[in-house]
1. Take the residues in region 193-206 that are within 19 Å of residue 504 (Cα to Cα) and within 8 Å of the ligand (Cβ to nearest atom); name whichever of them is nearest to the chain's Cα centre (by Cα).
2. Out of region 382-403, which residues are within 16 Å of the ligand (Cβ to nearest atom) and in a loop (DSSP other than H, G, I, E, B)?
3. Just to check your reading of the model, which residue among 682, 715, 732 is over 30 Å from the mean Cα position of the chain (by Cα), outside the structural domain of residue 305 (by TED's automatic domain parsing) and modelled with pLDDT of 95 or more?
4. Having 1 or more residues that are without any contact (Cβ under 8 Å) to a residue 60 or more places away in the chain and more than 34 Å from the chain's Cα centre (by Cα) is the bar; report the strands (runs of 3 or more DSSP E) wholly within region 608-673 that clear it.
5. Answer yes or no: is there a residue in region 416-429 that is closer than 22 Å to residue 478 by Cβ, crowded, with 17+ Cβ neighbours inside 10 Å, more than 22 Å from the chain's Cα centre (by Cα) and more than 14 Å from the ligand (Cβ to nearest atom).
6. Can you say whether residue 152 is closer than 30 Å to residue 440 by Cα and part of a helix (DSSP H, G or I), as far as the supplied structure shows?
7. In region 289-326, which residue that is within 16 Å of the ligand (Cβ to nearest atom) and not in a helix (DSSP H, G or I) is nearest to the chain's Cα centre (by Cα)?
8. Here are some residues: 491, 457, 450. Which one is modelled with pLDDT of 95 or more, closer than 30 Å to residue 286 by Cα, in a loop (DSSP other than H, G, I, E, B) and not assigned by TED's automatic domain parsing to the domain that holds residue 576?
Ligand code: HDE
């Protein structure tokens, strides 16, 4: 029935058909945007926006997909053929001399197939190898043309297609998603004026101040060269040796040891451009700018025990979460915020805005929200899109320019350069996912894998034989901000770069008690894997300059005596910053409620089946993803005679998969559950501070495991909700409210 079909393919109208008749007509690049975007785009400026994007109305189009159409292939109802288009009659047997004889060299079909297979892999990214991506679009809330001529901000309601790749930094391509690590947050805007790549991270600062140190940082972080361990982890001697000798990394280390490094989902993390950039308006005036992405689902993290278990239970946890959210129509969204400030303001700060180990507190320069990004379509093919996408900080458009941040300056070179070896030559911009959606014309020619067939004799400029074309765009072209430069040529850094501890301390003091505890635990974990005592001591000595409480707590966990603080540069004083509440993860609880939250409802013989169905339906109605979990798959009969079909067993669906659990009235420990997986499930849900709701007799299970306190509603100090059988409704409502809020870490106290 239509209803059944809708349940199978819930909401994503951007999803192309994969099976049956629909699969034979791959969807075109024209796709329909959600209603609220339609509403935004149908403002007065719609006509102008549409005109910019071409003949078809802007809101019906994601033009990043359009150019991909001609390259998309579908083998439905087609015969096999070779790469030369020759039909293949037998794909099972190689050509032999006699039925039991040797294979023949002339078997061009065998050789073509095997040769291609032999070359299927390309080098993985040297950092950020593990990643997941999606298509979407950015809509501008305001017309920012007084600040920048950058195309995405030119009109209210302007829609610009994007492709976004999230990643971990250290791990190899097949490593686990939930490793403790920084996350990449790279956005490719396919603007009217060319490609703009905003290649950011989920933390607003970085480890080093100058690009020349980057290869050392990455060598120290990656698996040690003699035995290639550890994978996707900074918990080893080389890493801590390097950073302990590099006090400028202290601020970033606190971020890296914080809950930010184990996000619950890509959908629930912030993104930052990190560096200071410049925005330029029509008359050539420039301001400085920092970019922020704020998730509408709020910022949420895992706890370490959960992250570690997820590495085994589902190494693709974040990839799957992103994919499933988009498939079910719970499109991930972020708002873009700008911190805009002038050069004069920047000079008054007691840190340097060119120093990527410093952030600008939001209390000092407020964040102005200027638009929203929605990811609404999964890629068709991981390799063609997610793997081959090439982000480059050098890809900027008119209206956006660099600052002199020495880290950014080095990146401008690095990304283009690395694509040349990773993607096999200088023509990587012709790979479909990397092509701009506006036309491009120049005299660059030839090279490996050239796709474009240039017509005409002229391949130089200026020319007269080609009518002078393609010609320089003059004032319509990219113009660098004419920043004044003077001084001597030297290898050195500004004085303000010498201070390393003030903002690290501000960050630590801005965290809640639970967040601080998690930072201490993370340092203890990492340093306990470090074998060299002198390295651990150097780390502690640096941290003593951040907070003696922090350093002492770590030392205590390591059984070490606190060393004296590391000497602080005599050139500077460590400033005392007021705590910045915006730096805590609790500052952004999110506005999308329980959308895409995963809830386990444990079922078995004798449970209150009708109430379970009701809970299931209510959670679905609010956009959550409930699943019926049991000892075994299959059908069980409830105490009211209703049937329930378990969807997943404890082995396949451990507690770490779910954001919360419901225990229905009538549930009992199952004698077939010999390994006591339900008890393990509940202990993990409890330990990981997730909401638990039990009503009726199921409360006894929690009491038996000593997981429930005696607190009565409306006070649930540790997010365990217990309700009488007849108060099922009120209990469910309280549970859903908890599910929408950040985890409460009271159970850890
Ligand atoms: Fe990167 N970085 N990086 N990086 N980076 C790469 O480019 C590099 C830095 C970031 O999803 C590489 O295509 C240098 C800061 C992301 O494809 C490489 C320096 C920030 C991604 C490279 C930095 C980032 C990369 C490896 C110091 C946050 C993944 C493969 C000067 C603002 C993009 C590639 C994707 C990838 C170099 C520092 C973010 C080698 C030299 C700071 C999100 O070019």
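The values are calculated or read from the model by the stated rules, or taken from the named source; none is laboratory data. All values derive from a computational prediction rather than experimental measurement. So basically every Cβ, Gly included, is an ideal-geometry build from the backbone, and we count neighbours across all protein chains shown.
1. Quick first cut of region 193-206, residues within 19 Å of residue 504 (Cα to Cα) only: 201-206.
Pick out the ones that are also within 8 Å of the ligand (Cβ to nearest atom) and you get 201, 206.
Details: 201: 8, 206: 17 Å.
My answer is 201.
2. Within region 382-403, 388, 389, 390, 391, 392, 393, 394, 395, 396, 403 qualify.
3. Values: 682 fails: over 30 Å from the mean Cα position of the chain (by Cα); 715 fails: modelled with pLDDT of 95 or more.
Result: 732 is the single residue among 682, 715, 732 that is over 30 Å from the mean Cα position of the chain (by Cα), outside the structural domain of residue 305 (by TED's automatic domain parsing) and modelled with pLDDT of 95 or more.
4. Working: elements: 625-630, 634-637, 643-646, 660-663.
Here the list reads 634-637, 643-646.
5. yes
6. Yes.
7. The initial filter retains those residues of region 289-326 that are within 16 Å of the ligand (Cβ to nearest atom), namely 289-293, 318-319, 322.
From what's left, not in a helix (DSSP H, G or I): 289-293.
Details: 289: 22, 290: 19, 291: 16, 292: 13, 293: 11 Å.
Filtering first and then ranking leaves 293.
8. Working: 457 fails: closer than 30 Å to residue 286 by Cα; 450 fails: closer than 30 Å to residue 286 by Cα.
None of the others qualify; the one that does is 491.
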